[in-house]
Structure formats: structure tokens, C-alpha cells
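Have a look at the structure below before the remarks.
Please treat every number below as a calculation from the coordinates, not as lab data. These numbers come from a predicted model, not from an experiment. Backbone-built Cβ (ideal geometry, glycine too); neighbour counts: all protein chains shown.
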Amino acid sequence: MDLIRISDDKLKVILDKRDMQEYALSNENLDYDNEDTRRALWEILDEAKRRLGFNAAENRILVQAYPDKKGGCEIYVTKMEEMDAAEGRERRRSIRGRLSVFSFGDFDTLCAVCKRLSTSPHQYESALYYHRIFYYLFIKERLTDSILPPSRLSPLSFVEEYAKRAKGPLEAAYIKEHGESLLESHAIEKLAPLAAGS
């Protein structure tokens, strides 16, 4: 396990396949509602405090997990500062509007991912674009909390096993401008029934 302190408020954790097995983690159970995940996360954070002095126990934290194809994952832990009411409203707007864009080279894989997303308890706004040989799935997370609950793992983490995440808002804007709009809304719901075995 590699622990990298990016800043006073941000930690990067790199787990290989062996580390995942040691902590009884898998790409399927990376969810804070899972008891094994909660236990493993706090064991990792205890180690980060011991090694690096990174103490997350006194803050609310945002946890984002990005599985890799070799069975490991990268986890980013960000300590959330206390905010006054105005800042809280701004954070609420920014998180509710958080956009992720994923490119798929295979339509069947895209539909399979949409089927899995359609069964998630989380709500999304989604659209589909096509540019050159790739399908681009735009997903906006609709969250209700002003900040994410402590240690909530990103519900979209698994998508990166099957697709490439856009580099940033500039790439997303480029796709919207130059790509062909296939589904302007409810792309996940419309593509899920097309998955094999549906």
C-alpha cells in the first residue's frame, strides 16, 4: 500500500490486488454502506495518521475510489472544512451539478454499464453523444446533501473499469460542440433495456 499526502487536506491511497485481498476489499464491495469497506477504510486512515500525520478523524471527509483493471484501486480522501451558510449553499450547488463524462468504444459495454447504473439507488441526469468512433456518456449526479456524508465512496467509481473518464470540462465542452447528440436526456434509462440479457 502506498500513501501519498497531496496536501494538508488530501490523501492518495494506492492499493494493489494483494492489498485489496488483505483488507477484504473488491471492486464490487467498494461502498461505504458495506461494513468491510468501512472497517478497511478506517484501518487505512489509521495507518495514514501513523505514517504521515494525516488525521481525518476530526473532519467530515469525501472519499473517491477508482478501481483499476488489475484488481487494485486508487482512493482519494479529502477533508472537508466547516463552511458558513453561504458557502454551504455554494457547495450544495456545485456537488449537485457535478458532471462526469465517460467514453466507450463498444456499444454493448455502454449498455451493460447503463443497466448497472439504472439499478443504483443514486439518481442521475444523463445524455449520450457520439464523436468519431466513441460513445460519450454524460452523467450528472443529483445529490441531496450539502456535502457528501463522511467517507462516501463515489457511486461512479466502477465505470472506469469499462470506460475512460474525460480529462476535464474542456474535453466535455469539445464533445458537446463537435459530437453528435444521440440522446439529450435519460440516456441511462433508455440504454439499460438494450443490455444483453435484459
Q: Can you put Tyr66, Tyr162 in order of Cβ neighbours within 10 angstrom, beginning with the fewest?
A: Tyr162, Tyr66
Q.
Run through region 154-198 and list the GluC sites (Glu not before Pro) located in a DSSP loop whose Cβ has at most 12 other Cβ atoms within 10 Å.
A. Glu184
Q: Please give the per residue volume of the convex hull enclosing the alpha carbon atoms of region 2-82, rounded to a whole number of Å³.
A: 86 Å³
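Multiply the residue gap between Gln21 and Arg5 by 0.36 nm, knock off their C-alpha separation, and tell me the result in nm, one decimal place.
Working: separation 16, 0.36 × 16 = 5.76 nm, distance 2.33 nm.
Roughly 3.4 nm would be gained on extension.
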Q) What full-extension length gain, to one decimal in nm, is calculated for Glu177 and Glu125 as 0.36 nm per residue of separation minus the Cα-Cα distance? A) 16.8 nm
**Q.** Label-to-label distance, nm, for residues given as Glu184 and Lys167 (7 Å Cα→Cβ offset)
**A.** 3.0 nm
Q | Over region 2-82, relative contact order from alpha-carbon pairs under 8 Å, at least 6 apart, % | A | 37 percent
**Q.** Among the listed pairs Lys79/Lys164; Lys17/Lys176; Lys69/Lys176, those beyond 31 Å (Cα-Cα)
**A.** Lys17/Lys176
